[in-house]
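The values are calculated or read from the model by the stated rules, or taken from the named source; none is laboratory data. Values in this document were obtained by computation on a predicted structure and should not be read as measured data. A quick note on method: Cβ atoms are made from the backbone with ideal geometry, for glycine too, and the neighbour counts reach across all protein chains shown.
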Amino acid sequence: MTDKQQTIPNGPGAATVLAAAIGCFVLGVLALAGDAVPSIARLLNIWNPTGPLSGVTAAAIVIWLGTWAILSRLWARRDLSMAAINLSALLLFVGGLLLTFPPFMDLLQGK
Amino acid sequence: MEITIRDAVTVVHGMGFGALLLLGFSGAFIGLYAMSYSTNPWRPAAAERRLFNLYLAGLALLAWLAVFAGAYLIYPWYRAHPPAGAVDLTGFPQRLLMSSPTTIGWHDIGMEWKEHIAWFAPICLTALAYLVWRYGADLGRIKGLRTALFGLALLAFAATGVAGFFGAMLNKYAPVRGGHEIVLMKAQSHD
């Protein structure tokens, strides 16, 4: 049992963590893009009652799930450095948080 | 004692999904700690493990229900545009908040942040539920993954807290109200 436990690869877990971070970062990038560029806001407006938020969240979910599927497949049997994965994920999460925070969005746009 | 349909949907979104989710975090944190950090880790039996997996999946489901109800049921009512020249803005919460310099921040910062950050919670909770289902009792031995697991839980909790706080405050200053009225109870006046 111990041998079996020791060979469990952390790849699928790393894929899960990194994909979630990428999804949240993309959400932040799209929120900023929709706020700053009217043509992008129109593009993201896939359901008018909800406005650009509908496209921002739908695109972020698609990218998150797509990235998760791809990375899970690539890393299914691999053992990766979780320190590097966690650091990358932390940076992406912090980036996503900042990009969704309106005063920071305004700062980037020079408002 | 009456409530409008929009009030009712907002209550389900905020109290039914959001508040229940916030409460549920305490159980998740305790379970995760017991499984992965304790010096004498909890080794759940198969049935207990299934139950904990279901509990975490339930939290993720609550988060998804909260964000979808918020974005696709309540937000359209919140951001509705009043007809030109309208003076009474009570049915148009966003415009009501933006009509005064003392309340505009609740929209510009509160709603603008809440509508985006809230989505971090279901994404992180789905990832967390998957990790616990996939690795279970082995999480305690995989240090980096254990750290990530608590990071995801903390971020989901923070996102839910921010969304919940601003949701409550927005509904205080500009309630989403209107539509068909539901009579909850008939009462007589008492002196």
Quiz item: Which one of these is modelled with pLDDT of 95 or more, in contact with a Leu (Cβ under 6 Å, 6 or more places away or on another chain) and either among the polar types (S, T, N, Q) or surrounded by fewer than 22 Cβ atoms within 10 Å (Cβ to Cβ) (or both): A:Gly55, A:Gly51, A:Gly13, A:Gly66?
Solution: A:Gly55
Exercise. Consider A:Ile61 carefully, then state whether it is surrounded by fewer than 20 Cβ atoms within 10 Å (Cβ to Cβ), of a type in the set (Val, Ile, Thr) and in a helix (DSSP H, G or I).
Key: yes
Self-check item: Matching residues in the stretch B:124-145 - criterion: being farther than 14 Å from A:Pro9 by Cα and of a type in the set (Ser, Thr, Tyr)
Solution: B:Thr126, B:Tyr130
Practice problem: Kindly indicate which of B:Leu154, B:Leu145, B:Leu139 is modelled with pLDDT under 95 and surrounded by fewer than 23 Cβ atoms within 10 Å (Cβ to Cβ). | Solution: B:Leu139
Quiz item: Is it the case that the stretch A:60-82 has a residue that's among the acidic types (Asp, Glu), over 23 Å from B:Tyr135 (Cα atoms) and either within 11 Å of chain B (Cβ to nearest Cβ) or free of Cβ contacts under 8 Å to residues at least 24 places away in the same chain (or both)?
Solution: no
Quiz prompt | Exclusive hit being aliphatic (A, V, I, L, M), buried (at least 16 other Cβ atoms within 10 Å of the Cβ), modelled with pLDDT of 95 or more and part of a helix (DSSP H, G or I), set B:Leu96, B:Leu51 | solution = B:Leu96
Quiz prompt | Among the residues listed as A:Ala33, A:Ala41, the single one being in contact with an Asp or Glu (Cβ under 9 Å, 6 or more places away or on another chain), in a helix (DSSP H, G or I) and surrounded by fewer than 20 Cβ atoms within 10 Å (Cβ to Cβ) | solution = A:Ala41
Self-check item: Criterion: over 17 Å from B:Tyr78 (Cα atoms), within 10 Å of chain A (Cβ to nearest Cβ) and either in contact (Cβ under 8 Å) with a residue 60 or more places away in the chain or not in a helix (DSSP H, G or I) (or both) - qualifying residue of B:Ala137, B:Ala148, B:Ala127
Solution: B:Ala137
Practice problem: Tell me, please, whether a residue that is in a helix (DSSP H, G or I) and under 30 Å from B:Glu181 (Cβ atoms) can be found in the stretch B:22-45. | Solution: yes
